[in-house]
Amino acid sequence: MNQPETPETGEDRIARIQWLYTLAVKRHGCAPKGVGWRDRAGQLLRFAQLVRLMEGEPHGASVTVNDLGCGYGALFPFLLTQKAVRVRGYVGYDMTRAMVAQARSAIRDHRARFLLSDRATVMADYGFASGTFNVLAGGDADAWRAEVIAQLKAFAAMNRKGFAFNMLGLDHPRRDQLMFYTAPDAFRDAFEAAGMEATVLDGYMPGDWTMLVRY
């Protein structure tokens, strides 16, 4: 007799995501495909939108950064190329052990450290999350949207000046059933209701948007 199916738990979904990213980074290493991006040009273009969060800083300002879902740490060297600010401290967080190991091996800089965690644990000036919430992996889209908003609100509490994140848009030209596609409206409404200023950036590449949240 067939056993009744049991509903998938949050732990099941997390385990699936960890498996997907472990497989990707072992196959591709420190490369955009190692964290699910199509190519380096797209990865850097997304980074360029995120760092616009810091445009209000005086030239040469010293800042600290949290990078949630840091993967192999690609954002850190990109931040070092920014002339307007100087990064004096960076903490990357990832829930996939293989990603954290890769980041620690690839980046040996006293300003950067990498922690195995699904949430920020150190206060910083600014927070970034690039592609961190893009994998749906069989979950319910509405439930995941609410969960992402809750996680980002928690992330906000660990960043003094603001945070920025990117998501895949509903107009994405290449849809994949594993991925999460969404409009920015619910996110913007949630953050503005909490007294934050939310700015949506789009049009820089098809099917992608970035939100800058300041407070």
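If you go through segment 164-207 one residue at a time, how many are of a type outside the set (D, E, K, R) and assigned to a loop (DSSP other than H, G, I, E, B)? Spell out the reasoning first.
Let us first name the residues in segment 164-207 that are of a type outside the set (D, E, K, R), namely 164-170, 172-173, 177-184, 186-187, 190-191, 193-196, 198-201, 203-207.
Checking the rest, the ones that are also assigned to a loop (DSSP other than H, G, I, E, B) come to 169-170, 172-173, 177-178, 180, 182-184, 194-196, 203-207.
The total comes to 18.
Please count how many residues of segment 21-75 are of a type in the set (S, T, N, Q), within 16 Å of the chain's Cα centre (by Cα) and modelled with pLDDT under 95.
Counting residues in segment 21-75 that are of a type in the set (S, T, N, Q), within 16 Å of the chain's Cα centre (by Cα) and modelled with pLDDT under 95 gives 1.
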Subset of segment 67-121 (residues that are surrounded by 14 or more Cβ atoms within 10 Å (Cβ to Cβ), free of Cβ contacts under 8 Å to residues at least 60 places away in the same chain and polar (S, T, N, Q)): 82, 117
Of all residues in segment 140-150 being surrounded by fewer than 17 Cβ atoms within 10 Å (Cβ to Cβ) and not hydrophobic (A, V, I, L, M, F, W, C), the one that is farthest from residue 178 (Cα to Cα): 147
Residue within segment 163-183 that is modelled with pLDDT of 95 or more, surrounded by fewer than 18 Cβ atoms within 10 Å (Cβ to Cβ), under 20 Å from residue 64 (Cβ atoms) and out of contact with any strand residue (DSSP E or B) (no Cβ under 8 Å at 6 or more places or on another chain) present: no
Answer from 212, 152 - the residue that is closer than 20 Å to residue 54 by Cα, among the aliphatic types (A, V, I, L, M) and part of a helix (DSSP H, G or I): 152
Some residue of segment 133-147 being out of contact with any helix residue (DSSP H, G or I) (no Cβ under 7 Å at 6 or more places or on another chain) and closer than 18 Å to residue 51 by Cβ: no
Residues of segment 195-215 that turn out to be β-branched (Val, Ile, Thr), over 20 Å from residue 181 (Cβ atoms) and buried (at least 16 other Cβ atoms within 10 Å of the Cβ), as a count: 1
Filtered residues of segment 37-55 (kept if in contact (Cβ under 8 Å) with a residue 60 or more places away in the chain and not in a helix (DSSP H, G or I)): 37
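The values are calculated or read from the model by the stated rules, or taken from the named source; none is laboratory data. These numbers come from a predicted model, not from an experiment. Virtual Cβ from ideal backbone geometry, glycine too; neighbours counted across all protein chains shown.
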